[in-house]
Amino acid sequence: MKREIHKWFSPSLKKEMEIAVYGHYGTPLLMFPTAGADFLEYERFKMIESISPFINDGKFKAYSINSINNESWLNNSIYPPHKSLRHGQYNQYIIEEVVPFIYDNCNGHVPIITTGASLGAYHAMNTFLRTPSVFRGTIAMSGVYDLKAYSKGHYDDHVYYNSPVDFLPNVYDENYLNQMRNNLGIVIASGQGDFEDPGASIQLSNILNSKGIMHWLDLWGHDVKHDWPTWRDMLPYFLSKF
């Protein structure tokens, strides 16, 4: 498998950010790390190995990026409005830097699918829902889609517009909704075992249903817990359905 590491100084984040790229060609799969992890997390935990048949066959090309969650919502040493501002800078980094990099790396404007597990699932879903003109689908595993779960009571415009269960019910622009509806696939997956929150997936599914946005809610068994073996089973399964 072809593997490359790219990095540059991000104007949006004012720091160096790395991206690991796996594969030669295929539909770009943008991977958001869990919690405070880095761009090599999916490699360390053998997620890349689990999806390697899709990468080697040229069906998908994986782009695993860094998180800055430890500088935003997981950083309890800073003032809450600064957490939300940092989150906004991360959104800017994705749209203004990561997306152009993927286009250049793929030699054209190609549809991008997002994915992630746990807090990465939140980022994958939120990124798709905010910019469905750029991102054409998502596979979100074991996520919570209410940003207030991380903001510890703080609520401002950044929280609202980055919390799918808050902003999506108030979206009535048919052009915007049609971009979401015209997707390559939306998967909301969760186990029902230890440390999982299937109710969060059901809540988001109900909102998508109310907007006429087709998607796949898939709740796995009560023995399926919030852990890497679950996600290593889930991601290749769902990629096989795209």
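Which condition breaks for residue 165 when tested against (1) crowded, with 23+ Cβ neighbours inside 10 Å; (2) modelled with pLDDT of 95 or more?
With (1) crowded, with 23+ Cβ neighbours inside 10 Å; (2) modelled with pLDDT of 95 or more applied to residue 165, the lone miss is (1).
So which pairs qualify, if the first residue must be in the range 192-211 and in a helix (DSSP H, G or I), the second must be among the aromatic types (Phe, Trp, Tyr), the Cβ gap must be under 7 Å, and the two must be at least 6 apart or on different chains?
So the pair list comes out as 200/145; 204/145.
Answer yes or no: is there a residue in the range 222-235 that is buried (at least 19 other Cβ atoms within 10 Å of the Cβ), over 25 Å from residue 112 (Cβ atoms) and at pLDDT 95 or above.
yes
Hey, any hits in the range 142-158 for a residue that's more than 15 Å from residue 113 (Cβ to Cβ) and basic (Lys, Arg)?
Start the filter on the range 142-158 by keeping residues that are more than 15 Å from residue 113 (Cβ to Cβ), which leaves 142-158.
This time we only want the ones that are basic (Lys, Arg), so: 148, 152.
Within the range 142-158 (the criterion being more than 15 Å from residue 113 (Cβ to Cβ) and basic (Lys, Arg)), the answer is yes, since at least one residue qualifies.
For the subset of the range 67-101 comprising residues that are in contact with a Phe, Trp or Tyr (Cβ under 6 Å, 6 or more places away or on another chain) and in contact (Cβ under 8 Å) with a residue 60 or more places away in the chain, which member is nearest to residue 184 (Cα to Cα)? I'd like the intermediate steps shown before the answer.
First, the residues of the range 67-101 that are in contact with a Phe, Trp or Tyr (Cβ under 6 Å, 6 or more places away or on another chain): 68, 73, 83.
Pick out the ones that are also in contact (Cβ under 8 Å) with a residue 60 or more places away in the chain and you get 73, 83.
Numbers: 73: 30, 83: 32 Å.
It comes out as 73.
Take residue 20 and decide whether it is touching a Gly at 6+ places or on another chain (Cβ under 6 Å) and either buried (at least 17 other Cβ atoms within 10 Å of the Cβ) or not basic (Lys, Arg) (or both).
Details: touching a Gly at 6+ places or on another chain (Cβ under 6 Å): no; either buried (at least 17 other Cβ atoms within 10 Å of the Cβ) or not basic (Lys, Arg) (or both): yes.
In short, no.
Of everything in the range 92-135, what is aromatic (Phe, Trp, Tyr) and either over 21 Å from residue 166 (Cβ atoms) or part of a strand (DSSP E or B) (or both)? Give them in sequence order. Steps first, please.
Initially, the range 92-135 is screened for residues aromatic (Phe, Trp, Tyr), giving 93, 101, 103, 122, 128, 135.
Result: 93, 101, 103, 135.
Does residue 22 satisfy being in contact (Cβ under 8 Å) with a residue 12 or more places away in the chain, closer than 23 Å to residue 109 by Cα and among the hydroxyl-bearing types (Ser, Thr, Tyr)? It would help to see each step written out before you state the result.
Details: in contact (Cβ under 8 Å) with a residue 12 or more places away in the chain: yes; closer than 23 Å to residue 109 by Cα: yes; among the hydroxyl-bearing types (Ser, Thr, Tyr): yes.
Judged against the criteria, residue 22 is a match.
Could you count how many residues in the range 84-122 are crowded, with 18+ Cβ neighbours inside 10 Å, modelled with pLDDT under 95 and closer than 24 Å to residue 141 by Cβ?
1
Spot the failing condition for residue 185; the list is (1) without any contact (Cβ under 8 Å) to a residue 24 or more places away in the chain; (2) closer than 16 Å to residue 138 by Cβ, and only one is missed.
All conditions pass for residue 185, except number (1).
The values are calculated or read from the model by the stated rules, or taken from the named source; none is laboratory data. The shown structure was predicted, so the numbers you read here are calculated from the model rather than taken from an experiment. Note that we place each Cβ from the backbone using ideal geometry, even for glycine, and neighbour counts take in every protein chain shown.
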